[in-house]
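Peer 1: My structure is below; once you've seen it, I'll send some questions.
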Amino acid sequence: MGKRSRRRGEPEPADVTAAAAANGTDQADEPAAATPDAVAEGEPAPLAPDGRLREVALLVEEADYLLQLYRWIVLTGEVPRAQDWLKREQWPHPDYVIDVFGSWQKFLEHAGVTSSPLLAELREAEEQRRGFAAREKQLDKELGRVDDLRRQVETARRAREAAQADRGEQLARAERAERALDGAEARAAQAEARLRERAETAAAEAPAAPDDRVNALEDELEAVRAHREELLRQAEELRDAATQDARTISRLSAMLAEGGPGNAAATEAAADEAPPATVLEAVDRAASRAAHLVFTDAARESAADSPYRRPAEILDALGKLDELARLHADPEGFGRSLVQAATELGLTYKQDVSELARGRKPHLYAVTHDGHRLQLGPHVALGSGSGAGFIARIYLHVADGGGDVPRGIYVGHVGRHLPDTTT
């Protein structure tokens, strides 16, 4: 059971003896204890001090500590530590408990609380309560995310509606521009016919002297042609804007139909992204996204000088060239030529320029990258018509890894058509 505890300040038996000696008393002066021989016949014998009273006091003390332990568990719902009773005066001092039971752990084991199924259920219930609280907090977060996604979907829906309205307006403007273009072409044809008639009449009447009216008609014809070119440019810009709006609407509709969290964020990003305004901006965007295509400094310089009116086509072509560069990066090949792969990607790809064109202007078909000279030849053709505003080229250097530069496709020129046998 352990030894009986002593209350703080309670004197030891040796202390009592010493105190008695100090007071000048002696045990010899005390009356002798009665012995069985000294007891008179017929009188009951007194109880001998055999330690049973001490045992009873120890059991009472143990029962008192156990009662306080169970009371603590009922009130707090947990097993106390020695420090918990040390801080509170209304509970037994832990030193007294350790004196009786030997240690605090033995005290708990003697009480049977370490393997108590009730406390195990209580701890399990506490863990469940904490789990419910954590799940409730997580649920609140999820509800907040749902609200955010709803707002994102609503933003995407408004963006789609705005894009549809803008697309309708752009289509109406394109139709008006086309009608004006048809009218301008008809007026130009009439002006050219009148010019020919008057030129023929003027030549018959005064072959040696120019007619002022002919000059006036030529000026009028030039004005009509300039107006026609302007209308043609506006019509192409409106068609491009309508096409871009249609693509944006398609992406927004598809992402709204899927309705996923990631799709809602991507929908908002797609609605906010506008087509590049210049060829240089298209090159910068493509360079930031490209994983395999390599851009030289000369590519940016030529792009800054390009007046091409449809830079979105440049951005799209460079994205497809990045995919072509990914295929070319495999030294084992990919089962077909670059021309075939580029055609499958929707590119108008030319494998090289003529030696005659390269011989006329060799410096135009070479760029410097990381101190190495790269010869340009393979190129992608964009646009149709005449003039740098309607046609563009992307000239490339295709390295197989056997030269000074690593294997890959390098963009050396973006923008104007370099001189060849046709220019």
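Peer 1: Might you tell me the accessible area per residue for the range 261-414, computed with a 1.4 Å probe and given in Å²?
Peer 2: That works out to 48 Å² per residue.
Peer 1: Follow-up question, since we're still on this one. Give me a comma-separated list of calculated 3J(HN,Hα) values for the range 345-362, in order, Karplus coefficients 6.51, -1.76, 1.60 applied at θ = phi - 60°, integers in Hz, x for any Gly or Pro.
Peer 2: 7, x, 9, 8, 9, 10, 6, 6, 9, 6, 5, 5, 5, 5, x, 5, 10, x
Peer 1: Amide H of ARG407 versus every other amide H placed in the peptide plane: which residues, excluding those fewer than 5 positions away on the same chain, fall under 5 Å?
Peer 2: GLY401
Peer 1: Give a residue-ordered list of calculated ³J(HN,Hα) values for the range 131-145 (Karplus: 6.51 cos²θ - 1.76 cosθ + 1.60, θ = phi - 60°; whole Hz; x for Gly, Pro).
Peer 2: The phi angles translate into x, 4, 5, 5, 5, 5, 5, 5, 5, 4, 4, 5, 5, x, 5 Hz.
Peer 1: Same structure again: For the range 57-194, what is the accessible area per residue in Å², given a 1.4 Å probe and the full set of protein chains?
Peer 2: Each residue of the range 57-194 exposes 66 Å² on average to a 1.4 Å probe.
Peer 1: Computed FRET efficiency, Cβ-Cβ of TRP104 and ARG151, R0 51 Å: what is it to the nearest 0.05? Walk me through the intermediate numbers first.
Peer 2: Numbers: r = 58 Å, r/R0 = 1.13.
E between TRP104 and ARG151, to the nearest 0.05, is 0.35.
Peer 1: Would you work out which of GLY131, GLN170, VAL153 lies farthest towards the positive end of the dipole of the range 117-177? Charges go on Cβ: Lys and Arg +1, Asp and Glu -1.
Peer 2: The listed residue farthest towards the positive side: GLN170.
Peer 1: Between LEU376 and residues 5 or more places away or on another chain, which pairs have amide H atoms under 5 Å apart, with H built 1.01 Å from N, and which residues are they?
Peer 2: Sorted by chain and number, the residues that satisfy this are ALA366, VAL367.
Peer 1: Show which lysines lie in cross-link reach of LYS350 when reach means a straight Cα distance below 23 angstrom and same-chain residues fewer than eight apart are skipped.
Peer 2: LYS320, LYS361
Peer 1: Filter the trypsin sites (Lys or Arg not before Pro) in the range 285-346 to those in DSSP coil with at most 14 other Cβ atoms within 10 Å of their Cβ, and list the result.
Peer 2: Values: sites: ARG285, ARG289, ARG300, ARG309, LYS320, ARG326, ARG336; in loops: ARG309, ARG336.
Those that pass, being in a loop and sparsely packed, are ARG336.
Peer 1: Under a 5 Å amide H to amide H cut-off, with H placed in plane at 1.01 Å, what residues pair with HIS413 once short-range neighbours are removed?
Peer 2: Amide H to amide H, under 5 Å and 5 or more residues apart or across chains, HIS413 pairs with TYR395.
The values are calculated or read from the model by the stated rules, or taken from the named source; none is laboratory data. Here the structure is a predicted model, which is why all the values come from computation and not from measurement. As a convention, Cβ positions derive from the backbone with ideal geometry for all residues, glycine included, and neighbour counts pool all protein chains shown. In case anyone asks, the SASA skips ligands and DNA or RNA and just uses the protein heavy atoms, side chains included. Shrake-Rupley method; radii C 1.70, N 1.55, O 1.52, S 1.80 Å.
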